[in-house]
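Asker: Following this message is one structure expressed as structure tokens.
The values are calculated or read from the model by the stated rules, or taken from the named source; none is laboratory data. Treat the numbers as computed from the prediction; the structure is a model and nothing was measured. FYI the Cβ positions are ideal-geometry reconstructions off the backbone, even for glycines, and counts take in every protein chain you see.
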Amino acid sequence: MNEKEFMTFEATTLPDAGVTCVDCEACCCRLEVMLITCTGVPDRFIDIDMWGGRKMARLEDGWCSALDRNTMICTIYEKRPWICREFAMGGYECISERAANR
């Protein structure tokens with residue numbers, strides 16, 4: 001290899017396979033979720049913030065209004081916001097939220 005040739009690689013942190021939503025108590029459902037794409041979230045689950053942005057509504061307990069409190073399962077899973085789809089189970093953000101809410 002000469003000076004102008006460089007070897008590059010991209011590192012990826014894999015999610016923790018030991019983490020599942022089953023025993024989590026929906027920690028991620030306590031986060032504020034801005035609606036930046038249209039996924040079909042029903043209007044009854046949407047609030048408007050003070051700047052006019054659309055976000056998932058949260059109830060007085062601080063959790064997402066689309067979360068079934070008995071089962072701790074999202075009631076609009078197939079139409080959930082993009083941010084919820086990208087929040088990787090067992091990923092860095094997931095592990096951080098679980099630790100903060102335990």
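Asker: Within the group Ile95, Ile83, which residue is touching an Asp or Glu at 6+ places or on another chain (Cβ under 9 Å), aliphatic (A, V, I, L, M) and under 23 Å from Val19 (Cα atoms)?
Answerer: Ile95
Asker: Do you know which residues across region 56-72 are loosely packed, with under 14 Cβ neighbours inside 10 Å and either of a type outside the set (Asp, Glu) or in contact (Cβ under 8 Å) with a residue 24 or more places away in the chain (or both)?
Answerer: Within region 56-72, Leu59, Gly62, Arg69, Asn70, Thr71 qualify.
Asker: Is it true that Ile36 is farther than 13 Å from Cys24 by Cα, outside any loop (DSSP other than H, G, I, E, B) and not basic (Lys, Arg)?
Answerer: no
Asker: Here is a list: Asp68, Asp47, Asp61. Which entry is more than 21 Å from Cys24 (Cα to Cα) and among the charged types (D, E, K, R)? Write out each step before concluding.
Answerer: Numbers: Asp68 fails: more than 21 Å from Cys24 (Cα to Cα); Asp61 fails: more than 21 Å from Cys24 (Cα to Cα).
Sole residue among the options that is more than 21 Å from Cys24 (Cα to Cα) and among the charged types (D, E, K, R): Asp47.
Asker: Next question, about the same structure. Yes or no: Glu25 modelled with pLDDT of 80 or more, of a type outside the set (A, V, I, L, M, F, W, C) and part of a loop (DSSP other than H, G, I, E, B)? Reasoning before the result, please.
Answerer: On the way: modelled with pLDDT of 80 or more: no; of a type outside the set (A, V, I, L, M, F, W, C): yes; part of a loop (DSSP other than H, G, I, E, B): yes.
No: the conditions fail for Glu25.
Asker: How many residues are within 10 Å of the chain's Cα centre (by Cα) and of a type in the set (Gly, Ala, Ser) when one looks only at region 76-93? Show your work before the answer.
Answerer: Step one: filter region 76-93 for residues within 10 Å of the chain's Cα centre (by Cα), giving 80-89, 93.
Applying the additional criterion that residues be of a type in the set (Gly, Ala, Ser) yields 88.
Adding up the residues that qualify gives 1.
Asker: Any residue at all in region 7-22 that is exposed (fewer than 10 other Cβ atoms within 10 Å of the Cβ), at pLDDT below 70 and not in a loop (DSSP other than H, G, I, E, B)?
Answerer: Scanning region 7-22 turns up at least one residue that is exposed (fewer than 10 other Cβ atoms within 10 Å of the Cβ), at pLDDT below 70 and not in a loop (DSSP other than H, G, I, E, B).
Asker: Considering only region 87-100, I want to know if a residue exists there that is of a type in the set (A, V, I, L, M, F, W, C), in contact (Cβ under 8 Å) with a residue 24 or more places away in the chain, in contact with a strand residue (DSSP E or B) (Cβ under 8 Å, 6 or more places away or on another chain) and not in a loop (DSSP other than H, G, I, E, B).
Answerer: No, region 87-100 contains no residue that is of a type in the set (A, V, I, L, M, F, W, C), in contact (Cβ under 8 Å) with a residue 24 or more places away in the chain, in contact with a strand residue (DSSP E or B) (Cβ under 8 Å, 6 or more places away or on another chain) and not in a loop (DSSP other than H, G, I, E, B).
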